[in-house]
Every structure is written in structure tokens, then in C-alpha cells.
Amino acid sequence: MNAARYWLSAIAESTDDAIIGKNLNGVVISWNKAAAGMFGFTADEIVGQPITAIIPPERLDEEALILDRVRRGERLVHFETERRRKDGTIVPVTLTISPIRDDAGRVIGVSKVARDLSEAHRAHLVSGRREALLSSILDTMPDALVVIDDRALIQSFSTAAERLFGFTAAEVLNRNVSMLMPSPYREEHDKYLTRHLTTGERRIIGIGRVVVGMRKDGTTFAMELTVGTVELPGAKLFTGFIRDLTERQDRERRLREMQAELIHISRLTDLGQMVSALAHEVNQPLAAMANYINGARRLLAAGNQAGGQQAIERVAEQSERARQIIRRLRDLVKKTDSAKQRESVPVTIEEATALALVGVGQGLKLEIRVAEDAAEAVIDKIQIQQVLINLMRNAVEAMGTMARRELTVSASRIGEMVEIRVTDSGPGLPESVRTRLFQPFVTTKPEGMGVGLSVCRSIVEAHGGELHGDDAAGGGTVFRFTIPRATAPVPTVA
Ligand code: ADP
């Protein structure tokens, strides 16, 4: 053997690929170490034997075809097939087959390089199975999953997401996820994302919030959103799991969760009732005082000094009683002072909206607009949310099953206050209650308590603001109330 041949045979022995030489009759001429490892036959066992020893019976035809093509001088590159080991097990391989020529260029044999695919195959199968499992989970999961990339473009949209939003995956893939949100979130979302990517600030990631989603037909609904992040080499994805709070099975669960909130409402309802009871109580001493003063005037005019003196003492007693009642009222209001702090107006509105819309169903168009200079207020957030929920529920109830149902919540700055308006496209205020809206126990609803608006007014007034109800331009009703605007800048929360 010349030097070149030594080189070749050394290379053949050190590679992981099986290198097999055979003659044109399919008899094995050479067999390297990797071939022995791959197929289980030693070179001694197989050289001189037909190559069919490593071909599964059902693939015997293949060998004839290969030999045929090689005889014609053709080459086969990366031909994927299967071969059989000595122990009978099957090994997936990719074959590269070339003719071997003599000095005169005649084809005298075949060289076959086989690469074992089983390792690769296994990984492939596993990842294929994993994908199938994942997609079947995503298809059957009641929660919707939306995956976006770092440019907010939708990368994956599960079957439940299709049902929930009314879009097919094809309609949303590679489009900005903001299309699933109503204004103003639609416009804000890119900003949020950019801020998160540059500062790492987390407003929603890993936390989960109740937010408003928008369907293909423009209707909105309350949803619970939990966002996670996935770091891939060179890419960042965000996964959003979404639970529809308006769906029946979730409504019950959510309603249970909301009981805590309702307890809060009932506390406020108590407050409303107490306010009205106290007002009644204050009226009594005032009426008594008026009587005693009239009496004293008459007695004094008749020269009855002692009687007049007595009547005036009664007046003093009654005024002390009134003063105490007022003090009790003050204490009650003072309690609400403690929880006031700087809050984000859009977040306050957004959360209240989501809760108010639970169970409202389809067909309601919601719009939320918050002016930049009205973005923060000093409030007891829960109380102001109760006001918002009350006004929104009233609006939704007033619109009933009307074909056009539009609800707009907007916030703008008025001097040192933020004015929030809740506007509906309903039938407007009934004449019978128009002038008595804020009096307790005034209602036009068979099941109504009639305390909602009086409670709202007490809350707003305890914030130093005012609440009014008016006809909205273009029909419907607008309730507007003011709360103190936050002035100094807020430190951003990491
Ligand atoms: P309740 O909702 O229990 O009746 P409220 O004090 O909240 O008590 O409301 C009092 C009444 O005001 C309602 O019964 C209804 O007649 C009227 N009202 C309130 N909001 C609206 C609205 N957005 N559109 C029309 N009428 C309304």
C-alpha cells in the first residue's frame, strides 16, 4: 500500500461514520471500525459476505436499485433509510453511496458511508412528541394562551384564544397584540412593553391582573391576565394566560372571590344608611329647637320670664344633642380619610371596569380615556372604585338590552381636581327620580335599594369632590365626579 492508502485507511478507522466497500455484486470488501460498532458485525465476520446481512428483509429491493444506479455511475447523497444490526434491531441511517472506479474509470465497486441517525432520531421524536403534547394541552386548556415576541407581535394563539376573541390564529399571527385591547390600552401597550424591555419594570408580569379585552366584533369583556416571560437564545417571548371572567363557569368562581368586595360594598351601604339615619336624627333636635324658640318667644312676649328661661334651656339641650350627632357623623367620615393615597387613575378605572363588567356579556362597547394630566389622584382607591362600579352598573342596567350600548369612562383635569365622567347611551334619567337622585331609598328598580347614588355622593364628598348626574349629549346619562389630583411626581415602582 502506498502512503496515500495508509492515510485513507487511518481516516476510515477514526471516523464515527460507517464506511463500507462492496463490489458490484453486493459483497462486502471493506468494513471500518465504526461499521462494526454500528451494525454489530466484526470485519472478519462480514467481509466476503453479501451486504444483505444488514438490510431488513422488506428493504431488499432497495439494494438492487442502489447497485443499479451506482453501476450507471450515479451517486446518492444522504439517502435516509434503515439497516439491521446483527442482533436484528433496526438502525435509522443516512447513506451516501458512490461508485469506486479503477484506473480506467470503470465502476468496479461501491463505497457506502452510513451515518447513524438513531441519536438524532430520538431527539427528534422526543421533541415531536413534546410539541404534540403541548399543542394538545393548548387545544384543550380552558384558559386562552397568547404568546408575543419582544415587538408585541403575536407568535401563538391557542384554540381557547380563538374562541375567546373571535379571531382565528391566522388572522392575528404576526400582528400587534394591542389589537386585542380597547382604547386606551391599545395605544399604551407598546409603550409599556418598551419600558419593560429597557428598565425591567414589571407592572403585570408575574403578577396577574384583571383587565379589559376586546373581541373581533369590538365588544369588550373582563379577563384575568397572567403574563410570564420566556428567555430564548437571542429572543424574549411573553406568554399571556387569559381567563374570561364573563364566561359562565368562571363567573361563579369569580363571584365567590368577589364576595370579599361585596362585603366592602355592604359596609358602604351601611354608611349610606347611617348617613340618612343620622340626617333624620339631626332633623329632630332642629325641629324641637324651632318649637322651643317659638314657645320662648311667646312666653317672653307674655312676660313669663321663668317659662321663657326653661324653653331656652331646652333649646340648649337640643343643640347639644344635634352637635353630638354631627360629631358621630364626622368620626364616620374621618375613618375614610386614613386610606387616601396617591393612585393611578387609569389603573383604578381599569380594575373597576373589569369588575363592573362581570357577567354583562357581549354587545357592550367600552371606551376609557384618561388625559395625561389626570393620571394620578389622591384617593381611597377601593372607595372610588365602588363609586365607579356603582355608576357603571347603573349605566349598564339602564341600557338593558338596547341595541346600542356604549359606555365611556373618561378622566380629565379641572383645576386641582380630576373629573371622572361615566357616560352611557341609555334612555336617560327617569323624570320621577331626576330631582331626588341622591336621596337614599329613591329607586325605579323593583329590586333596587336606591342607596347607590347617595353612597357614591358621600364617598365623593368625603374626598372633597362633587357628584352630579345630567343628560348626556346625544341621549343617555352622564355622571361626573371630582377627586383631588395628585401634584408631585410619583417615584416609579420597580
Ligand atoms: P338603585 O340602582 O338601587 O336604584 P341608585 O341610587 O344607584 O339606586 O339609583 C337610583 C335611580 O337612579 C335608579 O333606580 C335609576 O332610576 C336612576 N339611575 C341611576 N343611574 C342611571 C343611569 N345611568 N341612567 C338612567 N337612570 C339612572
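The values are calculated or read from the model by the stated rules, or taken from the named source; none is laboratory data. Here the structure is a predicted model, which is why all the values come from computation and not from measurement. We place every Cβ from the backbone using ideal geometry, glycine too, and count neighbours over all the protein chains shown. The accessibility values were calculated without ligands, DNA or RNA, using every heavy atom of the protein model including side chains. Shrake-Rupley method; radii C 1.70, N 1.55, O 1.52, S 1.80 Å.
The table that follows gives values for the structure above.
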item: Span per principal axis, largest first, for the Cα atoms of the stretch 399-478 (Å); result: 37, 29, 18
item: Globularity index of the stretch 337-466, i.e. its alpha-carbon radius of gyration over 2.2 N^0.38 Å; result: 1.06
item: Among V77, G128, V47 the positive-end extreme of the charge dipole of the stretch 13-161 (Cβ point charges); result: V47
item: Prolate/oblate/rounded call for the stretch 375-445, Cα gyration tensor, a/c under 1.5 rounded; result: prolate
item: Inter-label distance, nm, simple model (7 Å from Cα along the C-beta direction), R106/S135; result: 5.5 nm
item: Net charge, G363 excluded, C-beta distance under 13 Å - Lys, Arg +1, Asp, Glu -1; result: +2
item: Whole-number accessible area per residue in Å² for the stretch 1-85, which is evaluated in the context of all protein chains at 1.4 Å; result: 60 Å²
item: Packing-based ranking, highest mean first, of 171-180, 477-486, 451-460 given that Cβ atoms within 10 Å are counted; result: 451-460, 477-486, 171-180
item: Rounded Å value of the spacing that divides the Cα centres of the stretch 279-317 and the stretch 140-203; result: 72 Å
item: Anchor K365: lysines whose Cα lies under 22 Å away (excluding residues fewer than 8 positions away in-chain); result: K216
item: Around F481: net Lys/Arg minus Asp/Glu count, Cβ-Cβ under 11 Å; result: 0
item: Cα-based radius of gyration of the stretch 170-244 once divided by 2.2 N^0.38 Å, which approximates compact folds; result: 1.13
item: Under 5 Å, built H, 5+ apart or other chain: amide partners of E376; result: V345, A486
item: Kirkwood Rh in Å, taken over the stretch 1-98 so that all alpha-carbon pairs contribute; result: 14.0 Å
item: Reciprocal mean inverse distance between Cα atoms of the stretch 71-119 - Kirkwood radius, Å; result: 12.0 Å
item: Relative packing of peptides 152-160, 42-50, 226-234 - highest average C-beta neighbours within 10 Å first; result: 152-160, 42-50, 226-234
